[in-house]
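Below you'll find the structure, written out as structure tokens, and then a few comments.
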Amino acid sequence: MRQTDIAPDVESLADDIAAHGLLQSLIGYVWNKRVPDTSAIFIVGGGRRLQALQLLRERGAIGDDFAVPVLIRPKDEAIELSLSENLARRDMNPADEFTAFAALLLPGTLSPSDLAKRFGFTERYVKQRLRFAGLHPDVFNALREGKISIEFATEYAKTTDQQLQHDVFRAMQRGPAYNRDNIWNLRSALSSKQLTEDSAIFQFIDRATYEAEGGGYVEDLFAKSDDEDGGRRLDKGHLAREIATRCLSFQGDQRILPVAKRDHPSVVGFVLSPDLVLGGKASAPHGFVEVTGGWNGALNRNVDSKECCNLADKLVALIHIVV
């Protein structure tokens, strides 16, 4: 199952087919089974042979009536046969290999463990291929076109966050050449934006809350035995940051009253109203005195917040802070 341009060696293959005939069938599946008479055959195996045949047709060496043997199988089986054929040759573009592995899982009948057994690989190897297939399209296309190496793609694949992959990829591409080609710069850019179990933010929040709100962890498929253990990566770093922000906000709310009492003896309490939205200036309720900043008609000048507090301290009235 190839999608990569492999034209450079097609001419020699076309010459061989012209001299000896097509010795190996193409592999395909019926595109539309519901309308058999008009259905096209989608070729997934033998891409080089098909290109060579098309080249011979353009040259006039073969006609439209040239019989092309095609091994027709159900879609998932055809893809599997094509992948097996290309893996045996070991000349497959990595991007095509990753796409083929992902395509085999689409019907939902196979698991990574099943694929590993069928092709003689470890389950970890198959999961790595599937992780590569899930790269952001821009990163994946760069790998297909040879703009980044498999080593660079591996660094991107260490996170499942496609938005992070895309942001770092664009930043690297906009930078100078020495930055784009430096694997350490890429690792630094990715790791600086990822959270792990050892991150200060994760240590600050409650693990149970993170997991209860849908947070999980990224399986490290590329770690080496000598890699430094920095804890599992969080698959939803943004969620951990949101929880941390809420915790900080709550702690800040709890400090309002003691700080206000310390600085202004008139304060006796506060009302926490996070959903309060004022359409205009609020009037003081019965039994309360309103002290506001801004223009003060009695003083004929603007009054800042500090002066408001000083005026409030001089009033013989209970003051509640509305937050």
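Structure notes:
- Residue match in region 111-125 (condition: buried (at least 18 other Cβ atoms within 10 Å of the Cβ), touching a residue at least 12 places away in the same chain (Cβ under 8 Å) and not basic (Lys, Arg)): yes
- Enumeration of residues in region 1-23 that are in a helix (DSSP H, G or I) and either modelled with pLDDT of 75 or more or surrounded by 12 or more Cβ atoms within 10 Å (Cβ to Cβ) (or both): Asp9, Val10, Glu11, Ser12, Leu13, Ala14, Asp15, Asp16, Ile17, Ala18, Ala19, His20
- Only one entry in Asp206, Asp198 is surrounded by fewer than 17 Cβ atoms within 10 Å (Cβ to Cβ) and over 22 Å from Lys158 (Cα atoms), namely Asp206.
- Of the residues making up region 136-157, those that are aliphatic (A, V, I, L, M) and either more than 17 Å from Ser191 (Cβ to Cβ) or surrounded by fewer than 20 Cβ atoms within 10 Å (Cβ to Cβ) (or both) are Ala142, Leu143, Ile148, Ile150.
- For region 53-83, filtered to residues that are among the β-branched types (Val, Ile, Thr) and assigned to a loop (DSSP other than H, G, I, E, B), the residue that is surrounded by the most Cβ atoms within 10 Å (Cβ to Cβ) is Ile62.
- Only residues that are in contact with a Ser or Thr (Cβ under 7 Å, 6 or more places away or on another chain) and either in a loop (DSSP other than H, G, I, E, B) or over 17 Å from Ala157 (Cα atoms) (or both) were counted in region 209-229, giving 1.
- Scanning region 24-39 for residues that are modelled with pLDDT under 80 and not aromatic (Phe, Trp, Tyr), we see that the one that is surrounded by the most Cβ atoms within 10 Å (Cβ to Cβ) is Ser39.
- For region 187-207, the count of residues that are small (Gly, Ala, Ser), within 17 Å of the chain's Cα centre (by Cα) and not in a helix (DSSP H, G or I) is at least one.
- Flag for Leu195 being at pLDDT below 90 and under 23 Å from Ala102 (Cβ atoms): no
- Selection count, region 183-212, where residues are among the charged types (D, E, K, R) and more than 18 Å from Thr160 (Cα to Cα): 3
The values are calculated or read from the model by the stated rules, or taken from the named source; none is laboratory data. Values in this document were obtained by computation on a predicted structure and should not be read as measured data. Cβ: placed from backbone, ideal geometry, glycine included. Neighbour counts: every protein chain shown.
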